[in-house]
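In what follows, a single structure is set out as structure tokens and then discussed.
Just so it is clear, none of the values below were taken in a lab; they were calculated from the coordinates. Quick caveat, the model's predicted, so the values are computed rather than measured. Positions of Cβ are generated from backbone atoms using ideal geometry, with glycine treated the same way; all protein chains shown enter the neighbour counts.
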Amino acid sequence: MRRAIYNNKKLLFNLYPTTTTTKNGNNNIKVLSFIRNIMSDQSDQAFNRPRMVIKKVLAKPQHEGDGAVVRRGIGRSELRSLDPFLMLDHFSVAAPAGFPDHPHRGFETVTYMLQGGITHQDFAGHKGTIHTGDVQWMTAGRGIIHSEMPAGEGTQKGLQLWINLSSQDKMIEPRYQELLSEDIKRAEKDGAEVRIIAGESMGVTSPVYTRTPAMFLDFTLKPRAQLHQSIPESWNAFVYIIEGEGTFGIRNSSPATAHHVLVLDSGDGLSVWNKSSKPLRFVLIAGQPINEPVVQHGPFVMNTQAEIEQTIEDYHYCKNGFEMGKYWRSQ
């Protein structure tokens, strides 16, 4: 039988809370109606239907894993999920704290390093370290057991995003895509810089394959710069502000500050202004909704309670995707 994760099963499922969401995964977002009387001096005419901020959530610090601190913007009571996104953590960790051996099934994780490095090991023998600006895009599929621990001295910081997989993809074989910082596509225009982790911006497209169609863009706007980014109208989208403050949606909106998640309504694009004297850095993340039932139990995300119960059994008895975890321990 598989040992308890972190030697404490309760800790595992506190780290990844159990949630059951509605069909489209957006049960906690109130539908807001806006009457738009948009005048030329109040909005930008780059889009016929500019996306507006309909919900703002502060990602407050909380302790997770083994001594790590995360700011959880998605996956908390105020914002359980935003189909297809299940969780967003802005993590901060220094040795000996970290995220020891733990499993996943049924979704993808995207780890983007902002400062320092994280060393990853899994039960299939994969081991490597990603550093500042690097990305690891991991498809857990039918099952992964791995560890994520700080590399080097000092505090290591980054973002981790969980993206759901459709029912037909939940039991696919695990796979990795790793993108070094120097290989990430970049573009710049009128004081706005972008690192294109997934999707397209300023006419430049990332080579990263996303099984669930998605975009992941890291923007930095110089003081007094503005940005207009197209987003597929049918996709759900949000912003997470890493540092600085900015105005999102229309020019006269109230500014939003660091560590806030901004959920956007439907539309064909997002306009952003940096009216401050300091740089503004944020990620814009959007994805095509899966529109399937979501049942989550800790680090397992499936479509039905029966599938969750089967997953727990598979993990406990090291079968159906977890076979290599029987004797494996990270070093």
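Highest mean first, how do 274-280, 66-72, 78-84 rank when packing is the count of other Cβ atoms within 10 Å averaged over residues?
For the peptides 274-280, 66-72, 78-84, the packing ranking is 78-84, 66-72, 274-280.
Once the Cβ-Cβ distance between GLU200 and GLN115 is put in as r, and R0 is 30 Å, what FRET efficiency do you end up with, to the nearest 0.05?
The computed FRET efficiency comes out at 0.65.
Counting only other residues whose beta carbon sits under 10 Å from that of GLY158, what net charge do I get with K and R as +1, D and E as -1?
Net charge around GLY158: -2.
Determine which residues of the stretch 218-244 fall in the zone a paramagnetic label at ASN48 would reach in this model, i.e. backbone nitrogen under 12 Å from the point 7 Å along Cα→Cβ.
Residues passing the 12 Å test: 233.
Mind sorting LYS55, LYS127 by how few other Cβ atoms lie within 10 Å of their own Cβ, fewest first?
Least crowded to most crowded, the residues run LYS127, LYS55.
Take peptides 307-313, 100-106, 131-137, 175-181 and line them up by average Cβ neighbours within 10 Å, highest first, as a rough protection proxy.
Those peptides, ordered most packed to least, come out 100-106, 131-137, 307-313, 175-181.
Extending each Cα 7 Å along its Cβ direction at ASN291 and THR155, get the distance between those two points in nm, one decimal.
So the label points at ASN291 and THR155 sit 4.3 nm apart.
Starting from the 7 Å offset along Cα-to-Cβ, what nm value, one decimal, do you get for the label separation of ASP183 and LYS278?
3.4
Under 13 Å from a point 7 Å along the Cα-to-Cβ line of ASP190: which residues of the stretch 272-301 have their amide N that close?
Residues passing the 13 Å test: 272-274.
Calculated from DSSP H runs of 4 or more alone, at -39500 (n - 2.57) each and per residue, what is the 222 nm mean residue ellipticity of the chain, nearest 500?
One gets -1500 deg cm²/dmol as the mean residue ellipticity at 222 nm.
Over the chain, what is the mean sequence separation of C-alpha contacts under 8 Å (at least six apart), divided by residue count, expressed as relative contact order in percent?
After rounding, I find 22 percent.
Tell me, in nm to one decimal, what length is gained between GLN305 and TYR176 on full extension, where the rule is 0.36 nm per residue of separation less the Cα-Cα distance?
So the chain would gain 43.7 nm between GLN305 and TYR176.
Can you tell me how much longer the chain between GLU323 and THR257 gets when fully stretched, taken as 0.36 nm per residue apart minus their C-alpha distance, in nm with one decimal?
19.2 nm
Please report the spacing between the Cα centers of the stretch 298-324 and the stretch 133-147 in Å, no decimals.
17
Give me the distance between the Cα centres of the stretch 65-125 and the stretch 170-224, rounded to whole Å.
What the calculation gives is 19 Å, centre to centre.
What does the highest-first list of 253-263, 192-202 look like by mean Cβ count within 10 Å?
Final packing ranking: 192-202, 253-263.
Can you tell me how the stretch 63-158 classifies by the Cα gyration tensor, rounded, prolate or oblate, using a/c under 1.5 as the rounded cut?
Because a/c hits 1.5 or more and a/b fails to exceed b/c, the stretch 63-158 counts as oblate.
Once the Cα atoms of helix 305-316 and of the chain are each reduced to a long axis, what angle between those two axes, in degrees from 0 to 90 to the nearest 10, is obtained?
Compared with the principal axis, the helix lies near 50 degrees.
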